[in-house]
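One structure is given here, and the rest of the page talks about it.
The values are calculated or read from the model by the stated rules, or taken from the named source; none is laboratory data. These numbers come from a predicted model, not from an experiment. Cβ placement follows ideal geometry from the backbone for every residue including glycine, while neighbour counts extend to all protein chains displayed.
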Amino acid sequence: MSQHDGHHHASSGRILRVALAANGVLLVVQVVGAVAFSSLALLADAGHQGSDVAALLIAVVAQAIAGRAPSDNYTFGLRRTEVMGALLNAVMLLAVAVWVVVEASRRIGDPPDVSGWGVLLLGMAGLLVNGGCAWLLHRSADRSLNVRGAALHLTGDAAGSVGVVVAGLAVVLWSADWVDSAVSYLIAGLLLWTGTGLVRRTTRVLLEGTPPGMDISELSALITADERVNGVHHLHVWSVDSTTVALSAHVEVAADSLHDAQLVATHLERQLALRGVDHATLALECHPCDSDHEHD
């Protein structure tokens with residue numbers, strides 16, 4: 001991790017802790033308000049808020065664990081802890097979305113009396129807290145999926161708070177209590193969209209898929225563009241975590257000595273670093289190896 005990335009990582013860590021405290025207070029207020037004002041939209045938003053608090057707690061813990069130094073047992077360190085935290089957050093988002101849909105379906109036909117002013121005020125408070133924290137996390141420019149997952153939670157809840165405000169206005173202006181349940185469906189849809197996207201990105205890392213923006217054919221062409229390289233095979237690219245890209249390859253080089261071959265490897269590693277590869281492992285060969293299996 002570079003000094004620049006480390007600075008943003010520390011900055012996002014501080015913001016995560018502040019967001020955790022602010023959202024914890026807001027959760028208590030929303031739960032009490034949802035019960036007092038009989039608002040499903042507010043209760044749905046409180047459910048999302050609860051997942052936000054859990055998501056932020058997971059993000060803070062995961063970030064702390066991921067910062068541990070590499071060891072003999074974990075030579076890359078525990079960097080993927082953040083990715084696993086992001087995946088857990090995504091699953092929580094999907095679970096909350098299902099609960100909201102079930103509860104909204106139960107209440108849509110027989111909506112209870114809703115206190116519009118209370119819903120409106122708490123919706124505005126949620127929008128202020130979640131929107132502000134989400135903006136600060138996005139502004140920290142941290143590329144971690146863990147931090148991005150927490151930011152998505154907050155962004156989704158800010159959007160949900162907009163729905164709560166709309167529901168409160170509908171009740172205040174037109175006594176349309178049914179809007180409260182209808183808005184809950186929109187919040188659930190937002191949670192599903194956010195959660196599935198985060199699941200897709202995290203599983204790609206955990207299954208060691210080719211990182212977005214990395215093209216195998218382009219990387220192969222970059223390596224073979226060196227006139228001292230005769231060929232490349234067994235080329236693999238994957239993500240160690242959400243910010244670190246690793247590559248391994250067998251490279252045929254035309255070199256008169258080990259020193260010359262090392263110069264070729266150093267040049268290739270620098271070129272790959274310019275393309276976003278943080279850790280390259282190149283096996284240098286003077287002729288094609290005999291273990292060219294199809295599955296490699």
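Among VAL199, VAL245, VAL183, which is farther than 24 Å from ASP157 by Cβ and of a type in the set (A, V, I, L, M)?
Details: VAL199 fails: farther than 24 Å from ASP157 by Cβ; VAL183 fails: farther than 24 Å from ASP157 by Cβ.
After ruling out the rest, the residue left standing is VAL245.
Just need a number here: residues in the stretch 203-233 that are part of a loop (DSSP other than H, G, I, E, B) and closer than 30 Å to ALA90 by Cβ. Spell out how you get there, then give the answer.
Narrowing the stretch 203-233 to residues part of a loop (DSSP other than H, G, I, E, B): 207-215, 225-228.
With closer than 30 Å to ALA90 by Cβ added as a condition, the list becomes 207-215.
Qualifying residue count, the stretch 203-233: 9.
Could you tell me which residue of the stretch 262-292 is modelled with the lowest pLDDT, considering only residues that are out of contact with any His (no Cβ under 9 Å at 6 or more places or on another chain) and assigned to a loop (DSSP other than H, G, I, E, B)?
It comes out as ASP290.
Take LEU122 and decide whether it is buried (at least 24 other Cβ atoms within 10 Å of the Cβ) and modelled with pLDDT under 75.
Details: buried (at least 24 other Cβ atoms within 10 Å of the Cβ): yes; modelled with pLDDT under 75: yes.
Spelling it out, LEU122 is indeed buried (at least 24 other Cβ atoms within 10 Å of the Cβ) and modelled with pLDDT under 75.
How many residues, within the stretch 46-94, are under 20 Å from ASP278 (Cβ atoms), surrounded by fewer than 16 Cβ atoms within 10 Å (Cβ to Cβ) and not β-branched (Val, Ile, Thr)?
Residues that pass the stated criteria total 6.
Going through ALA97, ALA21 one at a time, which residue ends up being modelled with pLDDT of 75 or more, surrounded by fewer than 18 Cβ atoms within 10 Å (Cβ to Cβ) and over 16 Å from the mean Cα position of the chain (by Cα)?
Just one listed residue meets the conditions, ALA21.
Rundown of residues vs (1) modelled with pLDDT under 90; (2) in contact with a helix residue (DSSP H, G or I) (Cβ under 7 Å, 6 or more places away or on another chain); (3) more than 19 Å from VAL240 (Cβ to Cβ); (4) not assigned by TED's automatic domain parsing to the domain that holds VAL35, yes/no style:
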residue: GLY168; (1), (2), (3), (4): yes, yes, yes, no
residue: VAL171; (1), (2), (3), (4): yes, yes, yes, no
residue: TRP174; (1), (2), (3), (4): yes, no, yes, no
residue: ALA188; (1), (2), (3), (4): yes, yes, yes, no
residue: LEU198; (1), (2), (3), (4): yes, yes, no, no
residue: SER220; (1), (2), (3), (4): no, no, yes, yes
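Would a scan of the stretch 253-261 turn up a residue that is outside the structural domain of VAL91 (by TED's automatic domain parsing), among the polar types (S, T, N, Q) and modelled with pLDDT under 90? Break it down into steps so the answer makes sense when it comes.
Here is the first cut: in the stretch 253-261, the ones outside the structural domain of VAL91 (by TED's automatic domain parsing) are 253-261.
Remaining after also requiring among the polar types (S, T, N, Q): 257.
Narrowing the set further to residues that are modelled with pLDDT under 90 leaves 257.
Checking the stretch 253-261: at least one residue is outside the structural domain of VAL91 (by TED's automatic domain parsing), among the polar types (S, T, N, Q) and modelled with pLDDT under 90.
Restricted to the stretch 230-249, and to residues that are buried (at least 19 other Cβ atoms within 10 Å of the Cβ) and closer than 23 Å to HIS259 by Cα, which residue is nearest to the chain's Cα centre (by Cα)?
Ranking the candidates gives LEU247 first.
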